[in-house]
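The values are calculated or read from the model by the stated rules, or taken from the named source; none is laboratory data. Since the structure is predicted, the reported quantities are computational estimates derived from the model, not experimental observations. So basically every Cβ, Gly included, is an ideal-geometry build from the backbone, and we count neighbours across all protein chains shown. These area figures cover heavy atoms from the full protein model, side chains too; ligands, DNA and RNA do not enter into them. Shrake-Rupley method; radii C 1.70, N 1.55, O 1.52, S 1.80 Å.
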Amino acid sequence: MEQLTKSANILVIDDDLGVRESLRIILRDKYAVSITSNIDEALVSMDSIKPEMIFLDIKMPKSNGLDFLKQMRSANSTIPVIMITAHPSIENTITSLRNGAFDFIVKPFQPEEILQVAEKALHYSNELWERDMLVNNLRKAAQQHFFSTTEALLQAIDAKDAYTAGHSKRVSELSAFVAKELDRNESEIEVLRYGAYLHDIGKIGVGDLVLTKPSYLTQEEFYLMKRHSEIGYKIIAPIKFMEKCLPIVRHHHEWYNGKGYPDGLQGSDIPFEASILSIIDAYDALTTDRHYHKKYPHQKACEIITQGIHTQFTPTLTEKVLAIIQRYHEAGKQREQREESLAH
């Protein structure tokens with residue numbers, strides 16, 4: 001393979017040396033041209049070349065150009081592909097276009113024809129890039145608007161019940177820390193972070209008397225409280241970019257022994273992220289003042305959660321999460337001590 005360095009990158013795939021050299025000579029003044037004689041070599045070099053357009057022969061000895069075109073389409077590639085053939089047919093033309101070919105050129109070709117189609121393909125590629133940037137910016141704006149609205153809803157919940165003020169934010173921060181310590185990837189960390197932040201959003205649909213009752217709930221009141229996970233699920237379900245958070249919001253009150261809600265899931269049927277959140281949610285509830293109990297010290301809260309392993313909480317995972325919470329707690333104490341010493 002020969003590769004020159006210029007601005008836009010073009011990959012030529014053709015088993016005919018004369019065709020490869022002709023295209024290289026025609027295009028080399030304006031573009032960086034890489035040439036290869038077969039599909040296998042082209043596939044190996046795609047990552048390093050990063051072509052912005054491809055000239056592709058249809059018929060080659062080892063593999064068919066149309067098969068490569070289908071591969072590109074199945075990978076959702078937006079790279080414009082210009083098909084080349086010495087034996088045009090209606091069938092090949094239709095198949096090429098149906099599989100996403102940008103254009104179709106018949107050998108022998110003229111230099112002007114090649115330059116024109118290359119310029120059109122590059123213009124098309126630039127338009128796609130600009131469109132994708134616009135879509136991404138709109139998506140980010142929509143997400144920001146959604147989270148701003150969600151924060152207002154969570155503040156409304158906090159206003160209904162001062163004892164749970166800041167709960168969602170604390171649980172979200174600790175969940176992200178735990179996920180990172182469990183070596184989850186960035187995408188998984190973000191899903192848990194946002195799922196944790198939104199896990200109680202359904203409480204907006206629960207009455208104040210139930211939320212703020214200072215004693216144990218009646219069976220009917222508990223039924224109303226249990227609905228918050230389903231209400232939260234319904235609030236978030238229409239938001240496409242939040243779909244990975246839905247299992248967390250719906251299932252963070254499921255129990256390992258199947259006696260949780262809303263669906264009575266058991267053991268490994270409970271989504272992994274929901275199992276993590278259930279531990280962190282319980283820890284924050286135990287270590288903050290609530291209507292029905294005073295806050296427990298860190299160590300006592302961990303002991304209570306440990307007692308719930310095999311019934312409420314998932315074995316092994318709970319031990320790992322509690323160990324991470326211990327490190328988080330110790331880091332927090334050290335930070336407080338440093339701040340106190342600086343204040344004095």
(request) Could you pull the accessible area for LYS320 with a 1.4 Å probe, rounded to 10 Å²? (result) 110 Å²
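Rounding to the nearest 20 debye, state how big the charge dipole of the chain is about its Cα centre with +1 on each Lys and Arg Cβ and -1 on each Asp and Glu Cβ. Show your work: numbers first, answer last.
On the way: 40 positive and 48 negative charges, 160 e Å.
In debye, rounded to 20, the chain gives about 760.
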(message) Given a 1.4 angstrom probe, I'd like the percentage of the accessible area of the chain that is carbon and sulfur, rounded to a whole number.
(response) 52 percent
(message) Report the gain in length on full extension from THR306 to GLU340: 0.36 nm times residue separation, minus Cα-Cα distance, nm rounded to one decimal.
(response) 9.0 nm
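Quick one: ranking SER48, SER96 by accessible area, 1.4 Å probe, largest first, what do you get?
SER48, SER96
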(request) In debye, nearest 20, what is the charge dipole magnitude of the range 1-117 about its Cα centre with +1 on Lys and Arg Cβ and -1 on Asp and Glu Cβ, if you could check? (result) 200 debye
(message) Just to be sure I understand, if you calculate Cα extents along the principal axes in Å for this structure, which of (i) 58, 51, 37; (ii) 57, 48, 41; (iii) 87, 51, 36 do you get?
(response) (iii)
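Counting other Cβ atoms within 10 Å, keep those with at most 11, restrict to DSSP loop, and tell me which trypsin sites (Lys or Arg not before Pro) in the range 50-105 are left.
Values: sites: LYS59, LYS62, LYS70, ARG73, ARG98; in loops: LYS59, LYS62.
Taking the range 50-105 and a limit of 11 other Cβ atoms within 10 Å, the loop trypsin sites (Lys or Arg not before Pro) found are LYS62.
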(message) Given the options ASN99, PHE146, TYR124, identify the residue whose Cα lies farthest towards the positive end of the charge dipole of the range 67-153 (+1 on Cβ of Lys, Arg; -1 on Cβ of Asp, Glu).
(response) PHE146
(message) Per residue, how much accessible surface does the chain expose to a 1.4 Å probe? Answer in Å², no decimals.
(response) 56 Å²
(message) Let me check against my output: what whole-number percent is the relative contact order of the chain, with C-alpha pairs under 8 Å and at least 6 apart?
(response) 10 percent
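Run the helix sum for the chain: -39,500 (n - 2.57) per DSSP H stretch of 4+ residues, divided by residue count, reported at 222 nm to the nearest 500 deg cm²/dmol.
Values: 13 runs with 199 residues, N = 344.
Taken over the chain, the calculation gives -19000 deg cm²/dmol.
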(request) Considering Cα pairs under 8 angstrom that are at least six residues apart, work out the relative contact order of the range 167-250 and quote it in whole percent. (result) 32 percent
(request) Would you work out which of SER77, PRO61, PRO51 lies farthest towards the positive end of the dipole of the range 42-83, given +1 charges on the beta-carbon of Lys and Arg and -1 on that of Asp and Glu, about the Cα centre? (result) PRO61
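Normalised by the residues of the range 245-344, what does the relative contact order come to in percent, with Cα pairs under 8 Å and at least six apart? Write out the running numbers ahead of the final one.
Values: 99 pairs, mean separation 22.7, N = 100.
Computed over the range 245-344, the figure is 23 percent.
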(message) Students often get this wrong, so check it: of LYS213/LYS294; LYS50/LYS240; LYS300/LYS320; LYS226/LYS300; LYS169/LYS203, which have C-alpha atoms separated by over 22 Å?
(response) LYS50/LYS240; LYS226/LYS300
(request) Take peptides 260-266, 10-16, 334-340 and line them up by average Cβ neighbours within 10 Å, highest first, as a rough protection proxy. (result) 10-16, 260-266, 334-340
